[in-house]
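The structure appears below as structure tokens.
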Amino acid sequence: MGIESKKASHNGIGIHYLDSNTDSSLVPLLICPGLSETAEEYLDLIEYVSPRRCVVLSFRGRGQSDTPEQGYGHQDHLADMECVVQSAQLNRFHLYSYSRGVSYALGYLEKNQSKVVSLIAQDYPPEHRKMPDGWAQEYIAQYLVIRPEAVWGIQRESDFLAFDFKTDIRMLLLRGTLEGRLLEDKGIDAYRRICPKVAVRNFKSSGHDIRNTEKDLLFKTISDFISQS
């Protein structure tokens, strides 16, 4: 399997993505990473779902994507997804999203329901959160796994958005059951207002970061869910 490293462009901003580009009749999988993640962190999942084609991007300010001085709101991240979908020529695909990436995936789905065959949302409620005062300083001091310009941009430009559209696509929620999880019961209720038939899978040995605690089960769950097409 040869994974290609590519760049899409939106208004001169280069958005990096990895593309397994396999010649398969299976519906491709587009991965929407969490706030601090890069495309390269999903190489093992790309390998797991092979020979299914898999595309994963690094949002602006992460990984090998460009880092503009501004443009870190919800719509800007949606533009990153849209330019990758166009560049990779994805017509219909499964969409897997994690943490804050869920809010971008939901925003994309709301506008492009005909393209998305199914949605997997991992441990995040159906909303886009505004970062609280002081978040950027704390993040830079304790974590700093993405570039500081992006951290300050997210702090400055993030806003709150609750999703309330309707869809009948297949949808799966993945959540941990231990301390640190971000998807509580009220969040699941909010998803059911969007998609009444949404399925839920709990991970009993995990909090928020299921991939580090129950990776094998997580990957199998994702693969089984998308295996119908």
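The values are calculated or read from the model by the stated rules, or taken from the named source; none is laboratory data. What you are looking at is a predicted structure, and each value in this text was computed from that prediction instead of being measured. A quick note on method: Cβ atoms are made from the backbone with ideal geometry, for glycine too, and the neighbour counts reach across all protein chains shown. The accessibility values were calculated without ligands, DNA or RNA, using every heavy atom of the protein model including side chains. Shrake-Rupley method; radii C 1.70, N 1.55, O 1.52, S 1.80 Å.
Just a few scattered comments:
- Within the range 198-216: backbone nitrogen closer than 19 Å to the Leu178 label point (7 Å, Cα to C-beta): 201-216
- In this entry, the range 122-217 is assigned a mean projected area of 7.4 nm², taken as a quarter of its C-alpha convex hull surface.
- Here the calculated FRET efficiency for Ser24 and Asp133, from their Cβ-Cβ distance with R0 = 45 Å, stands at 0.45, rounded to the nearest 0.05.
- When DSSP beta bridges are restricted to pairs lying wholly in the range 23-132, around 0% turn out antiparallel.
- When +1 charges are put on Lys and Arg Cβ atoms and -1 charges on Asp and Glu Cβ atoms, the dipole computed for the chain relative to its Cα centre reaches about 660 debye.
- Long pairs among Lys115/Lys204; Lys7/Lys186; Lys111/Lys204; Lys7/Lys111; Lys115/Lys197, criterion Cα-Cα beyond 31 Å: Lys115/Lys204; Lys7/Lys186; Lys111/Lys204
- Rounded, prolate or oblate (a/c below 1.5 giving rounded, otherwise prolate when a/b exceeds b/c) for the range 173-229 by Cα gyration tensor: oblate
- For the range 1-136, with all protein chains in place and a probe radius of 1.4 Å, 42% of the accessible heavy-atom surface sits on carbon or sulfur.
- For a label point 7 Å along the Cα-to-beta-carbon line of Asp189, residues of the range 109-132 with backbone N under 18 Å: 124-127
- Accessible area ranking (1.4 Å probe, heavy atoms, ligands and nucleic acids excluded), largest first, for Ser99, Ser229: Ser229, Ser99.
- Convex hull per residue volume in Å³, alpha carbons only, for the range 106-153: 125 Å³
- The range 115-139 residues near the modelled Ser229 label - backbone nitrogen below 18 Å, point 7 Å along Cα→Cβ: 115-121
- Overall dimensions of the chain, expressed as equivalent-ellipsoid semi-axes from the Cα gyration tensor (√(5λ), whole Å, largest first), are 24, 22, 17.
- Highest mobility in the GNM of the chain, judged by mean-square fluctuation with C-alpha springs under 10 Å and restricted to Arg60, Arg147, Arg175, is found for Arg147.
- Descending Cα extents along the principal axes, the range 29-78, whole Å: 38, 18, 14
- Here the spin labels are modelled as points 7 Å beyond Cα on the Cα-Cβ line, and at Ser50 and Lys115 they lie 2.6 nm apart.
- Per-bin percent of Cα-Cα distances, the range 25-139 [5 Å]: 2, 11, 22, 26, 21, 11, 5, 2, 1, 0
- Accessible-area order (highest first, 1.4 angstrom probe) of the listed residues Glu110, Glu179: Glu179, Glu110
- The mean accessible area for residues of the range 105-155, using a 1.4 Å probe and ignoring ligands and nucleic acids, is 44 Å² per residue.
- Here the calculated FRET efficiency for Asp159 and Gln86, from their Cβ-Cβ distance with R0 = 22 Å, stands at 0.30, rounded to the nearest 0.05.
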